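Down below is the structure, laid out as structure tokens.
The values are calculated or read from the model by the stated rules, or taken from the named source; none is laboratory data. Here the structure is a predicted model, which means the values were calculated and not measured. Positions of Cβ are backbone-derived with ideal geometry, glycine not excepted, and every protein chain shown enters the neighbour counts. For the accessible areas, the whole protein counts, side chains as well, though only heavy atoms, and no ligand, DNA or RNA atoms are used. Shrake-Rupley method; radii C 1.70, N 1.55, O 1.52, S 1.80 Å.
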Amino acid sequence: MFKKTVYFALSCAKLETNTSKNCYSFVLVYKIKDIEILTGIKAHTLRVWEKRYNLFNPERTNTKIRTYSDKDLKKALNISVLYKKGWKISKLAKLSDEEISNEVIQIYSSKEISNVVISLLIQSLIDFDNIRFERILNNAISKEGLHYAYFNYILPFLKHVGVMWSVGAIQPAHEHFVSNIVRQKIIASIDDLEEEQTGEVDYVLYCPEHEWHEIGLLFYYYVLKNKGFRVLYLGACSPIESVLKTTDLLKPKAVVASFVTSIDSTKLEEHLVAVRKKFNNPIYLGGSYIEDIDLSKFKQVLHIKSLIPVQ
């Protein structure tokens, strides 16, 4: 067996080639910092738990760096949930992995599902378990409503996915797998709403030309339609010329744009200046890229939170 190890910024992946069977397997492993980020358990605490309670038995590289498997990550996620619920680590150390998992599922089955949902969604992501993923998401939405579920489960989960992607802990297929399911759930919720009233368009929604991530924009569509507004949804990668022609024709009360992918700040400014030349009503901006941007210098450019409050 021939082995080649490739290291990423925070984590590493091991590519194993079995020459006798001419097959390949891709095994993802994590560094202790990755486990800390994804579970909220400090690296020092993980080391103490490993030494004192033998909770984990990570492999080590030639340079003595700890590496954790998918199984270790799932166990750490479950332990994190129970630990935050008041379990003593000495008691958890006496339970099997299956018993720990069952305790988490029992919490999830009750009304206290806040931080359990995210843990279970991550585990379903790792396993490509679409049935389990959809069941968990459906249950969260049906219990709490899409508005609450979006801010408290979906958004935090997608941020975890972003971390896992940035450190090389998941493949592109993982991100597409969950994004498509979440997208479908929001679209289904939109379809379940009553038809909008005819008349003038209240809001035009779009993602700029470089932006393919439309989950946030779809959620804005759901909330505004649920409030009874008439919404025109242009979707991902909308050319600026098309947006401006549409607003000039329909004269909406406001436009809403979603920026997730990082761009140069001058590009954002150029985009807003171009829109402002043709459109005088409010512009609402949302998306993870906008969170750290000061919008006060732009006239009538507001954060989406002023239109759609967090629940």
Scanning segment 202-214 residue by residue, those at pLDDT below 95 and not acidic (Asp, Glu) turn out to be 208, 210, 212, 213
Picked from segment 202-220 (must be surrounded by fewer than 18 Cβ atoms within 10 Å (Cβ to Cβ) and not charged (D, E, K, R)), the residue farthest from residue 146 (Cα to Cα) is 210
A careful count of residues in segment 57-76 that are open to solvent by less than 40 Å² (accessible area, probe 1.4 Å), in contact with a helix residue (DSSP H, G or I) (Cβ under 6 Å, 6 or more places away or on another chain) and in a strand (DSSP E or B) gives 1
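Of everything in segment 77-111 that's acidic (Asp, Glu) and either open to solvent by 60 Å² or more (accessible area, probe 1.4 Å) or not in a helix (DSSP H, G or I) (or both), which residue is nearest to residue 42 (Cα to Cα)?
In the first step, residues of segment 77-111 are kept if they are acidic (Asp, Glu); the result is 97-99, 103.
Still in the list and also either open to solvent by 60 Å² or more (accessible area, probe 1.4 Å) or not in a helix (DSSP H, G or I) (or both): 97-99.
Details: 97: 21, 98: 24, 99: 23 Å.
Applying the filter and picking the extreme gives 97.
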If we keep only residues of segment 188-209 that are touching a Gly at 6+ places or on another chain (Cβ under 8 Å) and in a loop (DSSP other than H, G, I, E, B), then the residue nearest to residue 254 (Cα to Cα) is 207
Residue 50 passes all but one of the listed conditions (1) charged (D, E, K, R); (2) at pLDDT 80 or above; (3) open to solvent by 70 Å² or more (accessible area, probe 1.4 Å); the exception is number (3)
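Tell me which strands (runs of 3 or more DSSP E) are completely within segment 221-298 and hold 2 or more residues being open to solvent by 30 Å² or more (accessible area, probe 1.4 Å) and under 23 Å from residue 155 (Cα atoms), or say none if there are none.
Details: elements: 231-235, 254-258, 283-286.
Filter on segment 221-298 gives 231-235.
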